[in-house]
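K.L.:
Okay, handing you the structure first.
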Amino acid sequence: MSAAAPSAEERFLAAYDEIAAEFCGRVRAAWEGPVSWHDRIWAAGWAAMRFLQEDPPRARFFVVDVNGAGSRAQAHRDRLLQGLADLLDGGREELEDPRTVSRCTAEIAAGAIYGTILTKVKGGCLERREDFLSELVYMAVLPYLGARAAEGELLVQPLR
Amino acid sequence: MLWYRVGMAESRSISERLAKMPPGRHLVPRDYVAQSQRDRILLATTELVAERGYQKTTIELIAKTARVALSTFYEHFDDKEACFLAAFDESTEAAAEVFAELIDPTQDWTDQIATALEVFLEMVTNETPRATVCIVESQAAGPAALARYQAMLESVAPKLREGRVLNPRASRLPDGLEVAIAGGIAWLVHQRLVAGQAGQIKELLPEVLQTTLTPYVGEVEAGRAADAARARIAA
């Protein structure tokens, strides 16, 4: 007797997990290169941006479609965002007193970064080849390097 | 006008409130009965969806919990999605009323934001089922619910945006900053609700406030506001 065919939800999750694994692999590899937390944020952000830009339909599936795909899909998405929060949380070491901030700040930043990517992808930024990496870096460093330094990131020219 | 208030004004659980609402036929005006039925259906939907999730909540279960006939459910709503959306709308409208009442627009902007965030986190703690419906389940209940969730985030942007006048370099700030901040806070709360940590959400206020204010007033002033919030919580 053959096993039951996977449901639409299971097929969706399998496809999502495959894309997520590739995405995380590339971001992790970029993260491992530089030494400073600030440079790692830029490197990981650049890798993430390139991944999204190279295949806009895949990016739409990965970033937008996952939202309306049910509770299990949400949980898979949230695991990925918690991984992002782990990377951001390293920014605490940039503070004079790392104890003044908890992991919840990294979670807010991760949610804000995801919200920004979602809005941009939904709005067709990838198809128009618009670069928004500096905005993502702004959100990432704001709680750890401060408003002035974060605004400085917005002046960095897009990387092509 | 809603018969309930979100948060501070109503401390009974939804189950207790349902138990107090009269089921069945009464010698009361038809409109009142219809309103009471509708309210019971919405409360039952809120509680069930928060407990079991949208996908595992059935119309039969809603009707049974609300103590109305299945046919009565369909007199009020076409399907489960319409009922969920009505529950979402009533919760967000009630929350908006509380914000309008408690936030003084003549206060300093930073004080308004501090009050708004404190009220919001308090509401999430005191009205966990409603918060779960609006922040967690709305993202799993189909495109219309997802659009409402997005609209809810966008609705806070104008108030946050007022803070740009406090930053002399505000023209540099990203256009979508305010919605992104709202999304970040919503995701943090979402994570706590999913983890069953609603009771600890109020404690997040200082860091939520600091992160929200920093782009507008800088980290030093935002830190002062966060310290004040910390002192209020400790007191």
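K.L.:
Filter the cross-link list B:Lys56/B:Lys159; A:Lys120/B:Lys159; B:Lys64/B:Lys159; A:Lys120/B:Lys64 down to pairs whose alpha-carbon distance in this structure exceeds 32 Å.
P.N.:
B:Lys56/B:Lys159; B:Lys64/B:Lys159; A:Lys120/B:Lys64
K.L.:
Run through every distinct alpha carbon pair of the protein assembly as shown and return the Kirkwood hydrodynamic radius in angstroms, one decimal place.
P.N.:
The answer is 22.4 Å.
K.L.:
Could I ask something else about it? Nearest 500 deg cm²/dmol is fine: what mean residue ellipticity at 222 nm does chain A get from its DSSP H runs of n ≥ 4 alone, each adding -39,500 (n - 2.57), divided by its residue count?
P.N.:
Calculated from helices alone, the mean residue ellipticity at 222 nm is -22500 deg cm²/dmol.
K.L.:
Sticking with this structure for a sec: Quick check: the distance between the Cα centres of region A:5-58 and region B:125-170, to the nearest angstrom?
P.N.:
Taking the Cα centre of region B:125-170 as reference, the centre of region A:5-58 is 26 Å away.
K.L.:
Kindly give the semi-axes, whole Å and largest first, of the ellipsoid equivalent to region A:1-72, taking each as the square root of 5 times a Cα gyration tensor eigenvalue.
P.N.:
Over the Cα atoms of region A:1-72, the ellipsoid semi-axes are 31, 13, 10 Å.
K.L.:
I would also like to ask the following. Shape verdict for region B:191-235, please, from the Cα gyration tensor: rounded (a/c under 1.5), prolate (a/b greater than b/c) or oblate.
P.N.:
It comes out oblate by the Cα gyration axes.
K.L.:
Let me ask something additional. What size of dipole, in debye to the nearest 20, comes out for the protein assembly as shown about its Cα centre when the only charges are +1 on Lys and Arg C-beta atoms and -1 on Asp and Glu C-beta atoms?
P.N.:
It comes to approximately 640 debye.
K.L.:
Would you please report the Å³ per residue occupied by the convex hull of the alpha carbon atoms in region A:7-160?
P.N.:
105
K.L.:
Suppose a student asked you for the relative contact order of region B:123-235, using Cα pairs under 8 Å spaced at least 6 residues apart; what percent would you report?
P.N.:
27
K.L.:
Of A:Val63, A:Val101, A:Gly146, which is farthest along the charge dipole of chain A in the positive direction, counting Lys and Arg as +1 and Asp and Glu as -1 at C-beta?
P.N.:
A:Val63
K.L.:
Can you sort A:Glu151, A:Glu127 from fewest to most other Cβ atoms within 10 Å of each residue's own Cβ?
P.N.:
A:Glu127, A:Glu151
K.L.:
A follow-up question, please. How big is D, in µm² s⁻¹, for chain B by Stokes-Einstein at 25 °C and 0.890 mPa s if Rh is the Kirkwood radius over C-alpha pairs?
P.N.:
Value of D from the Cα-based Kirkwood radius: 129 µm²/s.
K.L.:
Cα extents of region A:31-115 along the three principal axes, largest first, in whole Å?
P.N.:
Here the spans come out as 42, 28, 17 Å, largest first.
K.L.:
Here is a further query. Over region A:63-160, calculate the relative contact order: mean separation of alpha carbon pairs under 8 Å at least 6 apart, over the residue count, as a percent.
P.N.:
Worked out over region A:63-160, it gives 26 percent.
K.L.:
For region B:30-95, what class follows from the C-alpha gyration tensor (a ≥ b ≥ c being the square roots of its eigenvalues): rounded when a/c is under 1.5, otherwise prolate if a/b is larger than b/c, else oblate?
P.N.:
oblate
K.L.:
Take the alpha carbon gyration tensor of region B:136-200, find the square roots of its eigenvalues, order them as a ≥ b ≥ c, and report rounded if a/c is under 1.5; if not, report prolate when a/b exceeds b/c, else oblate.
P.N.:
Since a/c reaches 1.5 but b/c is at least a/b, the shape of region B:136-200 is classed as oblate.
K.L.:
Whole number please: convex hull volume per residue of the Cα set in region B:81-187, in Å³?
P.N.:
Expressed per residue, the convex hull around the Cα atoms of region B:81-187 is 95 Å³.
Taken together, the values in this text are just the output of simple stated rules run on the coordinates, not laboratory data. Quick caveat: nothing in here was measured; it's all calculated off a predicted structure. Note that each Cβ is placed from the backbone with ideal geometry, even for glycine, and that neighbours are counted across all protein chains shown.
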